[in-house]
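Working notes for the structure below.
The values are calculated or read from the model by the stated rules, or taken from the named source; none is laboratory data. These numbers were taken from a predicted model, which means no experiment stands behind them. Cβ sites come from the backbone with ideal geometry, for glycine too, and all protein chains shown count toward neighbours.
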Amino acid sequence: MPARSRLQLYTSNRLENLADELARVLGEPLSAALRPEIVVVQSLGVGRWLTQQLARRNGICANIEFPFPQKFVASILDEALPDRSAGHFYTREILTWRVMKLLPPLLDRPEFAELHRYIIDRPRSELRLFQLAGKIAHTFDQYLAFRPQLILSWERGAEQHWQAIIWRELTRSAPGLHPPALAREFQATLTRTAQSMSSRTAKTERDLTPLPRSPHTKDQPTTPHLPERVTFFSISTLPEFYVQFLQELSQHTDVHLFLVRPTPEFWSDIRSEREESRARKKAPASAQLHLQFERGNPLLASMGKLGREFLEIVSDLTPEREHDHAQEPNGDTTLARLQRDIYRLHDNSKTPAPNDQSLQVHSCHSPMREMEVLHDQLLALFEKHPDLKPHDIVVMAPDITTYAPFIEAVFATAPDAQRIPFTISDRGARAENGILDTFLSLLESATSRFTASEVMSILESTALQRRFSLTDTDLETIRTWIAETGIRWGIDAAHRAELGLPEFNENSWRFGLDRLLLGYATPAHGERLFDGILAYDEVEGSLAETLGNFAEFVEALFTAARDLKQPRTLLVWQETLRQITARFFAADDEREPEMRQLRSIIDSLGELPFDDAVALDVLLAHLDSVLQNSTSGSGFLAGRVTFCALKPMRTVPFRIVCLVGMNDTAYPRHHT
């Protein structure tokens, strides 16, 4: 007989109501005072908002972990089955390198003919191999979450195409099980444990007088290695595999699931006009006239497909109790009526009132103009609503990186009386971490032409200036030297020859540095040459120290560039990058967090399962992939106007929501 579910389901159309219920749930302490609460979220923004809300309601928010669903499930499986788990070997990053190692010996097989044509005898074949391995790893990662039965069938020998062959090779080389296989074994372990404890309990009841119950004793026996209570908060979508795992987990520990639903009505059967048209085209002609579709609210039907599909999955759960905290929107503004129509699943198209500004659309001719209009509108809102604060406003864009310079140009340069505090989030690790950006620029420069502008952009890093004892004033002097000595590009004549260009020394860095150093050592006053070099006479006095520091930087840069061109193993790359970090950067206390992030990325190279030599372009591609998948969450909900990316899982409520960059080429997104 299956165990009774200990799943509690909470639903509401307002996240604030769910936060109230969560504060009440967490108000009951766990049996172990130092054991952390686990609240699973789908974004860093939700976790940060929830931290603030719990602190306001309970007076403090401490000892709470906010893992993502994948990390949470992996931690449960690793702890429950430590000798069988190999989940680390199936993460996307590790899978990429494992596939890269497995592919070359397989390319001669007939099943891999297409991959062979793509990689073999092509330019930069090693980089092509790495990029292909990354695509395959991403696909397998999706299979693990959304199609676990498919890969389990591959392991049993089903299908003989190249994907199935690669997957079987991956499972043979791993020291343990992947998450779907682990979940299956985890379920069997929980069932055996529950049956064993049930048998012991029945025997005790027959043979012994029952002892008094502890106040923390549960109706169901507590399974070892499981948290006492787990909460899933504001989850907008989960793969079916995760939902099934949650259902199984709820039979052995307390699980609280908090979901945002736009309407208390059952709306998983509503269809948009486009979906209805597609369904009619696919149906036989004899059945088309008899098809019946529920439209409901057209906005929810057309834009709520993800939530609708998740609702269908969640409807299969069997919670012990459901808590509905729906709250019908009130008010007579256009926005309130729109929210109410969604809540009721109505389609009431009404003309907005003439002075209603609750929902506005602005058409602008450029991103800069968008920011100018946005700034003016926000100033008007602050004047109209004196209680409105900057942290009550969020501005989202499909591509926040593109809009970041325009945001800075308008909001950072406004007069003091019109200055609106703001912060930009979701720009990516490279945009948010200046040291990391400079570090990657150093690596990328190894294959560049070393133009004057490229080298000077690297030297603009504060941490790098600190390491070579240079100041902003020194940089202006150096720019003058570069212009007047004629430095344009190229290290020297030999470097230009390596690029397949004419081998001449004029206007190179070596040519300009020789003029600068010779001018300080032997001023020529523009009258004579020394070994064919005309000395530059404008370096004297204290400028000699600046020249020495600058020459030290340039020589270090060129030495590193020559060294980086040699392929090496990842462990050797790790040591090389550590040396470059120590050679080029000296961070102060303010920049130390950025240095820690850089060191963490370098340290992770030693954990990758690949021992062959790797070229620089492959290493750069790997670092770029790591940075794209890393999120710091910095700048989100920082007490100012929040500029961030438009993400489907960003359900944090704000009083004012602004969308910019909603062009037809940017939204909806087109994945290619």
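Observations, loosely collected:
- Remark: pairs (first residue in segment 79-91, under 12 Å from Ala183 (Cβ atoms); second residue of a type outside the set (Ser, Thr, Tyr) and at pLDDT below 75; Cβ separation under 7 Å; 6+ apart in sequence or on different chains) = Ala80/His225.
- Within segment 277-312, tally of residues that are crowded, with 17+ Cβ neighbours inside 10 Å and modelled with pLDDT under 80: 0
- Selected residue [outside any helix (DSSP H, G or I) and surrounded by 14 or more Cβ atoms within 10 Å (Cβ to Cβ)] from Ile478, Ile487: Ile487
- Count of segment 577-609 residues which are assigned to a helix (DSSP H, G or I) and over 24 Å from Gly134 (Cα atoms): 12
- Selection status of Glu169, assigned to a helix (DSSP H, G or I) and within 22 Å of Asp83 (Cα to Cα): yes
- Scanning segment 361-396 for residues that are of a type in the set (Asp, Glu) and under 13 Å from Pro421 (Cβ atoms) yields one hit, Asp392.
- In the set Leu379, Leu388, Leu374, only one residue is of a type in the set (A, V, I, L, M) and crowded, with 17+ Cβ neighbours inside 10 Å; that residue is Leu374.
- Taking segment 365-406 as the range and being of a type in the set (Val, Ile, Thr) and more than 23 Å from the chain's Cα centre (by Cα) as the test, only Val373 passes.
- Flag for Asp472 being charged (D, E, K, R) and not assigned by TED's automatic domain parsing to the domain that holds Asp588: no
- Filter result for the condition that a residue is modelled with pLDDT under 90, of a type outside the set (D, E, K, R) and closer than 16 Å to Ser445 by Cβ, over Leu534, Leu499: Leu499
- Number of residues in segment 429-458 that are part of a loop (DSSP other than H, G, I, E, B) and surrounded by 20 or more Cβ atoms within 10 Å (Cβ to Cβ) equals 2.
- Some residue of segment 531-547 being in the same structural domain as Arg583 (by TED's automatic domain parsing) and touching a strand residue (DSSP E or B) at 6+ places or on another chain (Cβ under 8 Å): no
- Condition met for Thr193 (modelled with pLDDT under 90, over 30 Å from Ala33 (Cα atoms) and of a type in the set (Val, Ile, Thr)): no
- Tally, over segment 552-574, of residues that are loosely packed, with under 15 Cβ neighbours inside 10 Å and part of a helix (DSSP H, G or I): 7
- With respect to the conditions (1) touching a residue at least 24 places away in the same chain (Cβ under 8 Å); (2) touching a helix residue (DSSP H, G or I) at 6+ places or on another chain (Cβ under 9 Å), Thr451 lacks only one, and its number is (2).
- Scanning segment 106-142 for residues that are touching a helix residue (DSSP H, G or I) at 6+ places or on another chain (Cβ under 8 Å), within 19 Å of Thr171 (Cβ to Cβ) and surrounded by fewer than 18 Cβ atoms within 10 Å (Cβ to Cβ) gives Leu106, Arg109, Glu111, His138, Thr139, Asp141.
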